[in-house]
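Have a look at the structure below, then the notes.
The values are calculated or read from the model by the stated rules, or taken from the named source; none is laboratory data. The model shown is predicted, which means the values in this text are computed figures rather than measured ones. Here the Cβ positions follow ideal geometry from the backbone for every residue, glycine too, while neighbour counts run over all protein chains shown.
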Amino acid sequence: MRRNWDNICFQFIIIASLLIQTSVCWAGKNISSTIITVSRIYCIGAIDNTYNIQLYVDFDNETDNDSGNIRVTGAYFYDNKKSDGKLRLEGTFNINDGSMQLSEYEHSDLPGKQKNTGKFIGLYKKEGTAVGNWFSADGKQHTFYLNTVVRHVNVYNVSKSSIRSATVIIFTDKYLRDVYCRNNKMCGKAQNVIEIKIVPSSAGKSVFNTGEEVIYYSNKLVSIITSKYQYNAGTPHGQYHSGWKIIAENNKSKNRYKYKIINNVSDLITNTPECRSKINDLIRKTLENTADDEHVELDSDIDFLYEVGNIEIGPIALRFKYDPYSLGRGYIYHPTASIKYEKLINCIPKASPLIKMLP
């Protein structure tokens, strides 16, 4: 049973305090045209103070009930350069006492074949840290801690005919936040205002979405993917476009900014015909293995580095992702090629932020 939110004002311990550590008030009768709500937190931490991890959870703000539990889903990975895979997470955060329970599992497309691998049970504190125990699949108990470094916030502008939304990234680190906010006008608004409300249905309305999402975080570089989606009411389908950027440590001592934003392929790899040809061949070979399974034929003259939608940093590999239909007929989803850094050694210059990822 959902709560009656009319005329309620209280300290929203888990979610709102992550954003601005302030009280949140709203009245159900006074619906604003602007709706701001937390969608994700991104954390770094460790198990037994030994195994470094990166973890995120997405909040389903519509599942709050009288117990105070909010359903979350997410994933995490070990930042030890031994695996590029992510373990799925699902569970609850409680907005009353801060308790958190997350079950983890290895995903499988086959029904009933997903493998449970452990669980997190702990306490999430209002300053954005979490402590508790992690239990392996065989029941062995270990300690864990997490520290929130990024908050994803959805900002909605709702009218009778359309919904426009933007996902805004709020960094805990002030230097990262400053460099990000210089390029995002919504950043200040998302930090200072928050209203927790249910977003109206988009049925019959035009939808315009822009978003940015952190998918890898370290104190030297942050990997971000971007997206734009537009659907005009009455048309058969919408249009999707993706992009990427990396916030990297700025090694130029004379520059007053600690970080810089990179979004050109030539800033990551050596832009010579030899290197472009080598990487194109690696990407094609990887994608052809997938295409064979899906009976899709890649266009013969594709420049994969030119067509790339997203470039993502992973623990052991650089991931090249492509927009739907960009590589040939039959591709509906986002084809992805993961190329291990060790295969790119001769094509990563010393000035590239990827030099930090080489084995």
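Tabulated values for the structure
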{"item": "Yes/no for Val149 being over 20 Å from Tyr51 (Cβ atoms) and within 23 Å of the chain's Cα centre (by Cα)", "result": "no"}
{"item": "Selected residue (only one of Ser39, Ser23, Ser83 is surrounded by fewer than 17 Cβ atoms within 10 Å (Cβ to Cβ) and either over 22 Å from Ser338 (Cβ atoms) or modelled with pLDDT of 85 or more (or both))", "result": "Ser23"}
{"item": "Filtered residues of region 98-115 (kept if at pLDDT below 90 and either under 19 Å from Tyr145 (Cα atoms) or touching a strand residue (DSSP E or B) at 6+ places or on another chain (Cβ under 8 Å) (or both))", "result": "Glu106, His107, Ser108, Gln114, Lys115"}
{"item": "Condition met for Ile355 (of a type in the set (A, V, I, L, M), modelled with pLDDT of 75 or more and more than 25 Å from the chain's Cα centre (by Cα))", "result": "no"}
{"item": "Thr148 being modelled with pLDDT of 90 or more and in contact with a Leu (Cβ under 9 Å, 6 or more places away or on another chain)", "result": "yes"}
{"item": "Among residues of region 122-141, those that are surrounded by fewer than 13 Cβ atoms within 10 Å (Cβ to Cβ), part of a strand (DSSP E or B) and under 23 Å from the mean Cα position of the chain (by Cα), counted", "result": "0"}
{"item": "Tabulated pairs, region 339-359, first within 23 Å of Arg284 (Cα to Cα), second of a type in the set (S, T, N, Q) and at pLDDT below 90, C-beta under 8 angstrom, 6+ apart or interchain", "result": "Ile339/Thr286"}
{"item": "Filter result for Gly98 (over 19 Å from the mean Cα position of the chain (by Cα) and not aliphatic (A, V, I, L, M))", "result": "yes"}
{"item": "The one condition in (1) at pLDDT 85 or above; (2) touching a Ser or Thr at 6+ places or on another chain (Cβ under 9 Å); (3) not hydrophobic (A, V, I, L, M, F, W, C) that Glu274 fails to fulfil", "result": "(2)"}
{"item": "Selection within region 212-243 - β-branched (Val, Ile, Thr) and part of a strand (DSSP E or B)", "result": "Val214, Ile215, Val222, Ile224, Ile225, Thr226"}
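Let's see how each residue does on (1) loosely packed, with under 14 Cβ neighbours inside 10 Å; (2) in the same structural domain as Asp48 (by TED's automatic domain parsing); (3) touching a residue at least 40 places away in the same chain (Cβ under 8 Å); (4) of a type in the set (A, V, I, L, M, F, W, C):
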site	(1), (2), (3), (4)
Val72	no, yes, no, yes
Asn94	no, yes, yes, no
Glu104	no, yes, no, no
Phe120	no, yes, no, yes
Val149	no, yes, yes, yes
